[in-house]
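The values are calculated or read from the model by the stated rules, or taken from the named source; none is laboratory data. What you see is a predicted model; the values in this text were computed from it and never measured. Every residue, glycine as well, gets a Cβ built from its backbone with ideal geometry; the counts of neighbours run over all protein chains shown. For accessibility, only protein heavy atoms count, side chains too; no ligands or nucleic acids. Shrake-Rupley method; radii C 1.70, N 1.55, O 1.52, S 1.80 Å.
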Amino acid sequence: MTCNTIPSSELRQLFPNVKISKMKSRISTYGSQTIKPKGQITRVCERKGKLHTIDLLVVNVSGDKPLLSGQDAQALKYLE
């Protein structure tokens, strides 16, 4: 199963007052590392005139860009 992630530093810049829901899950990376997310947020975004609800796991990782799962990238028409 794949998921959407957003680095906590990027989250604070984009949505400084968003509430992070707690979670107990861990995720495994393609490099076989295990990450414990800080929590989860849900955002509604508009793409090509349609609204989409996206769940993102908030993670403490280096980097400054959110990552979309293949399923959500297809739903948002980034992938055909």
Please name all residue pairs, on different chains or six or more residues apart, with Cβ atoms under 8 Å, provided the first residue is in the stretch 17-40 and is in contact (Cβ under 8 Å) with a residue 24 or more places away in the chain and the second residue is of a type in the set (Gly, Ala, Ser) and in a loop (DSSP other than H, G, I, E, B).
-> 37/25
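If only one of 10, 46 is charged (D, E, K, R), out of contact with any strand residue (DSSP E or B) (no Cβ under 7 Å at 6 or more places or on another chain) and surrounded by 11 or more Cβ atoms within 10 Å (Cβ to Cβ), which one is it?
On the way: 46 fails: surrounded by 11 or more Cβ atoms within 10 Å (Cβ to Cβ).
After applying the criteria, what remains is 10.
Determine whether residue 51 is open to solvent by less than 60 Å² (accessible area, probe 1.4 Å) and either aromatic (Phe, Trp, Tyr) or not in a helix (DSSP H, G or I) (or both).
On the way: open to solvent by less than 60 Å² (accessible area, probe 1.4 Å): no; either aromatic (Phe, Trp, Tyr) or not in a helix (DSSP H, G or I) (or both): yes.
The answer is no for residue 51.
Looking only at the stretch 62-73, count how many residues are farther than 10 Å from residue 5 by Cα and outside any helix (DSSP H, G or I).
Narrowing the stretch 62-73 to residues farther than 10 Å from residue 5 by Cα: 62-64, 70-73.
Now drop any that are not outside any helix (DSSP H, G or I), which leaves 62-64.
So the count comes out to 3.
Can you name every residue in the stretch 54-80 that is in contact with a Ser or Thr (Cβ under 8 Å, 6 or more places away or on another chain) and either hydroxyl-bearing (Ser, Thr, Tyr) or open to solvent by 70 Å² or more (accessible area, probe 1.4 Å) (or both)? Step through it out loud before you land on a result.
First, pick out the residues of the stretch 54-80 that are in contact with a Ser or Thr (Cβ under 8 Å, 6 or more places away or on another chain): 54-61, 64, 66-67, 69-71.
55, 60, 64, 67, 69, 71 - these are the residues of the stretch 54-80 that are in contact with a Ser or Thr (Cβ under 8 Å, 6 or more places away or on another chain) and either hydroxyl-bearing (Ser, Thr, Tyr) or open to solvent by 70 Å² or more (accessible area, probe 1.4 Å) (or both).
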